[in-house]
Amino acid sequence: MRRLVDISVPLRAGIPTDPPGLTPEIDYLSHQQTQDDLLRFFPGATRDDLPDGEGWAVEWVRMTTHSGTHLDAPYHYASTMDGGERAITIDEVPLEWCFQPGVKLDLRHFEDGYVVTPDDIDAALDRIGHRLSPLEIVVVNTSAGERYGHDDYVSKGCGIGRDATLHLLSQGVRLTGTDAWSWDAPFVHTARRYAREGDASVIWEGHRAGREVGYCHIEKLHNLEALPDVGFQIVCFPTKVHAASAGWTRAVAVIDEEE
Ligand SMILES: N[C@@H](CC(=O)c1ccccc1NC=O)C(=O)O
C-alpha cells in the first residue's frame with residue numbers, strides 16, 4: 001500500500017514562524033465580502049443571482065519566497081556556484097533533484113546551535129546502516145521540528161556546517177532538508193560564536209558551501225518524526241517563481257509498504 005506523509009508546515013499568519021518582521025501576512029476574504037468582485041465580471045447580474053448570495057473565498061498574501069516550507073536555490077546562497085559559475089535560480093533547479101529516495105538522519109540529540117560535522121553525518125548514517133547514493137534527498141530531523149509555531153522555533157536545533165554539507169555533496173547528494181528555520185545553525189548561536197572568536201567564516205557556512213558545489217535545501221520541513229529512516233521517496237517540486245532565490249513547496253514523503 002502507498003502512504004503519503006505530509007512533511008510541510010501549515011503556512012499561517014499570527015504565529016512566530018520567522019524572526020519579527022518576516023512572518024507571513026494573510027488577509028482572508030469571505031464569500032460575504034466578495035460578491036461585487038465576482039459580479040463585475042458579469043454585467044447585469046445582481047447579488048440575487050448568487051447562490052445564498054455568496055461571492056468567492058480568496059486570500060491576499062504578503063510573504064517572502066522563504067516563508068513556510070520552501071526550497072532554496074543556489075542563487076540564495078551567492079551569485080555563483082560550482083566555483084564561479086552563475087548560480088541557478090529556483091525556476092532552473094532540475095526536477096530530477098526534487099523527486100528521489102529520501103534518507104532521514106535523526107539529529108534531535110544535538111543542542112541548539114551545534115554545528116554538525118562530517119563525522120556526525122557518518123555516525124548518523126552508520127546508526128541506520130545506510131550508504132548514500134547520488135541524488136538521494138537527505139533530511140535532518142532536529143529538535144526544532146516539534147517547536148514550529150512556538151516562540152523558540154527560530155533559535156532551536158542544530159545546523160549543518162560547511163564541511164558536513166560538502167561531505168553530503170561529495171557523495172552526489174544535491175538536495176537536502178531540515179525541519180529547522182535554517183540549514184545553518186540558528187543565527188543567535190552563530191552570532192555569539194562570531195563575537196567570541198571573530199572568525200567570519202562561521203557566518204552561514206552551510207549555505208555558502210553552495211558556492212563550491214551548487215545544491216538545494218528545503219527549510220521548515222515538518223513531521224519528520226513520522227518517517228522511517230529509509231524506504232521512502234520525497235516529492236518537493238518548488239513553485240516556479242521567475243528568477244527567484246526560493247520557491248514554496250508542499251513536500252510529501254511517499255512510503256510504499258508491503259501488504
Ligand atoms: N532561513 C533562511 C533565511 C530566511 O528564511 C529568510 C531570509 C531572508 C528573508 C526572509 C527569510 N525568511 C522568511 O521570510 C536561511 O537561512 O537561508
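Please treat every number below as a calculation from the coordinates, not as lab data. Being a predicted model, the structure only gives us computed values, none of them experimental. With ideal geometry, Cβ positions are generated from the backbone for all residues, glycine too; neighbour counts draw on all protein chains shown.
Taking the Cα centre of the chain as origin, work out the dipole magnitude from +1 charges on Lys and Arg Cβ and -1 charges on Asp and Glu Cβ, in debye rounded to 20. It would help to have the intermediate numbers written out before the result.
Values: 23 positive and 42 negative charges, 106 e Å.
Rounded to the nearest 20 debye, it is 500 debye.
Label points 7 Å out from Cα along the Cβ direction at residue 119 and residue 195: separation in nm?
My value for the distance between the label points is 2.9 nm.
Longest segment of the chain with no trypsin sites (Lys or Arg not before Pro) in a DSSP loop having at most 15 other Cβ atoms within 10 Å?
The longest uninterrupted stretch comes out as 132-239.
Residue 22 to residue 240: extension gain in nm, 0.36 nm per residue of separation minus the Cα-Cα distance?
Extra length from residue 22 to residue 240 when fully extended: 76.4 nm.
Eigenvalues of the Cα gyration tensor times 5, then square-rooted: what semi-axes does that give for region 30-81, in whole angstrom, largest first?
In descending order the semi-axes read 42, 12, 7 Å.
Which residue fluctuates most in the GNM of the chain (Cα springs below 10 Å): 106, 49, 122?
49
Can you check how the C-alpha radius of gyration of the chain compares to 2.2 N^0.38 Å, as a plain ratio?
Dividing the Cα radius of gyration by 2.2 N^0.38 Å gives 1.14.
Name the longest site-free stretch of the chain, where the excluded sites are chymotrypsin sites (Phe, Trp or Tyr not before Pro) in a DSSP loop with no more than 14 other beta-carbon atoms within 10 Å.
Details: sites that count: 41, 56.
My reading of the result: 57-259 is the longest stretch.
Quick one: if the Förster radius is 30 Å, what FRET efficiency do residue 60 and residue 252 give, using the C-beta to C-beta distance and rounding to 0.05?
Efficiency, from the Cβ-Cβ distance: 0.70.
Using bins 5 angstrom wide from zero, how does P(r) for region 1-111 break down, in % of all Cα pairs?
Spelled out per bin, shortest first, that is 2, 8, 11, 11, 12, 14, 13, 10, 8, 6, 3, 2, 1.
What number, rounded to the nearest 500 deg cm²/dmol, is the helix-based mean residue ellipticity at 222 nm of the chain, given -39500 (n - 2.57) per DSSP H run of at least four residues and division by all its residues?
Calculated mean residue ellipticity at 222 nm is -4000 deg cm²/dmol.
For region 89-167, what does the alpha-carbon gyration tensor say about shape, rounded, prolate or oblate, given a ≥ b ≥ c as the root eigenvalues, a/c under 1.5 as rounded, and a/b over b/c as prolate?
oblate
Cut-off under 18 Å on the C-alpha distance; same-chain residues fewer than 8 positions from residue 156 excluded. Which lysines are left, in chain and number order?
220
What FRET efficiency comes out for residue 79 versus residue 32 if R0 is 41 angstrom and r is the Cβ-Cβ distance? Round to the nearest 0.05.
0.30
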